[in-house]
Amino acid sequence: MQFKLDIVAPPAGVAALVNTFYVIETQDARIEEVVPAYSAQLVVMLRGRLIVDRTDDAPVEAGSVAINAPQLGAAHCVLEGPALLIGASLTQIGWQALANLPADKVHDRLLPAETIFSAKQIAALQTAAEKCAAGRLAVHDLCAQIAELLAAPRHTLRPDHVAVVEAIIRWLGSGFDPALDALYSSVDISPRQLQRLSRRFFGVPPAQVLKRFRAIRAAMVLANPALPDALRDEMLASFFDQAHLIHDIRRYTGRTPTQLRGKSLSSGLLDPSGHGDAAGLLRVEEASQP
């Protein structure tokens, strides 16, 4: 498997909406991969085909512009090349501002671009993608155009809802296994309201959000051997035992801990910089390395 993966930081103006941009390029005729339980993704294909094959549905081709709704579990995919694509990993707030579709109702599926964008917007993205594929537009400039599109007002979120989502993100980023009571005490709403908003923005109640994020962050640690042993030990201690660690990582990433150490697209996308503030504790530790 030969591929190039670049992580592109979003402009400051869309940092609340986009975790990161990423660029994937390969000359291989076919790469079979597993897409971990990521947040919603906007994908623009410049060359090649992307096909997502989920267990309960027939394989679906992404098309030139596609939206992958928030994923609550891992999914298999095929990248047919030569291929070049640009993706935008959306934050939970970014997804709702863009689509206004509850994550617990619309998840684990590819959505047609016209579900969210106008025909004019789709045509503009396709034209820019064609220019980029032909070398007449730089990749970073295409990322900037996508950022402008995402920054355009679509759906206005209630400030109190945004505050709750931010509280959940801070709670997730406070440690590998933060106490649920700490989250409930940090928000000025009832437990029922908190669970409802958690389902809308994250797809599941807070306890299940933590379970998923803990597994993804554990995968990040295992996929990044440069992180310190102390962090690895803290991550392992947050699981009941090795069997639970393996089960959860497989469920949410589609890989075993051993497989995460190999070179793959999914392992490359487990860079902490692409997963928002909830992965901040990993980036802080990483930055402290000599």
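Descriptive notes on the structure:
- Positions within region 177-199 being in a helix (DSSP H, G or I), of a type in the set (D, E, K, R) and surrounded by fewer than 18 Cβ atoms within 10 Å (Cβ to Cβ), in sequence order: D181, R192, R196
Let's see how each residue does on (1) touching a Pro at 6+ places or on another chain (Cβ under 6 Å); (2) within 23 Å of A40 (Cβ to Cβ); (3) not hydroxyl-bearing (S, T, Y):
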site: A128; (1), (2), (3): no, yes, yes
site: S190; (1), (2), (3): no, no, no
site: R196; (1), (2), (3): no, yes, yes
site: K211; (1), (2), (3): no, yes, yes
site: R214; (1), (2), (3): no, yes, yes
site: A230; (1), (2), (3): no, no, yes
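- Any chance Q126 is closer than 25 Å to D6 by Cβ, at pLDDT below 95, under 15 Å from the mean Cα position of the chain (by Cα) and not in a strand (DSSP E or B): no
- Test: residue in region 212-220 that is among the hydrophobic types (A, V, I, L, M, F, W, C) and without any contact (Cβ under 8 Å) to a residue 12 or more places away in the chain: no
- Per-region count, region 149-182, residues of a type in the set (D, E, K, R) and within 21 Å of S238 (Cα to Cα): 3
- The residues of region 240-269 that are among the charged types (D, E, K, R), surrounded by 18 or more Cβ atoms within 10 Å (Cβ to Cβ) and at pLDDT below 90 amount to a single one, R255.
- Annotation: of all residues in region 17-34 being in a loop (DSSP other than H, G, I, E, B) and of a type outside the set (S, T, N, Q), the one that is surrounded by the fewest Cβ atoms within 10 Å (Cβ to Cβ) is A29.
- Candidates A62, A12 - the one that is modelled with pLDDT under 90 and out of contact with any strand residue (DSSP E or B) (no Cβ under 9 Å at 6 or more places or on another chain): A12
- Filtered residues of region 237-249 (kept if part of a helix (DSSP H, G or I) and in contact (Cβ under 8 Å) with a residue 12 or more places away in the chain): A237, L245, D248, I249
Yes or no, residue by residue, for (1) within 15 Å of the chain's Cα centre (by Cα); (2) within 16 Å of P112 (Cα to Cα); (3) surrounded by fewer than 22 Cβ atoms within 10 Å (Cβ to Cβ):
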| site | (1), (2), (3) |
| --- | --- |
| A12 | no, no, yes |
| A15 | yes, no, yes |
| P36 | yes, no, no |
| A40 | yes, yes, no |
| I51 | no, yes, yes |
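- All of (1) outside any loop (DSSP other than H, G, I, E, B); (2) more than 19 Å from the chain's Cα centre (by Cα); (3) free of Cβ contacts under 8 Å to residues at least 40 places away in the same chain hold for L137 with one exception: (1).
- Test for S174: is it assigned to a loop (DSSP other than H, G, I, E, B) and either surrounded by fewer than 18 Cβ atoms within 10 Å (Cβ to Cβ) or not basic (K, R) (or both): yes
- Sole exception among (1) in contact with a Cys (Cβ under 7 Å, 6 or more places away or on another chain); (2) part of a loop (DSSP other than H, G, I, E, B) for L72, by number: (1)
The values are calculated or read from the model by the stated rules, or taken from the named source; none is laboratory data. Model, not experiment: these values are computed from the prediction. No Cβ is skipped: glycine too gets one built from the backbone with ideal geometry, and neighbour counts run over all protein chains shown.
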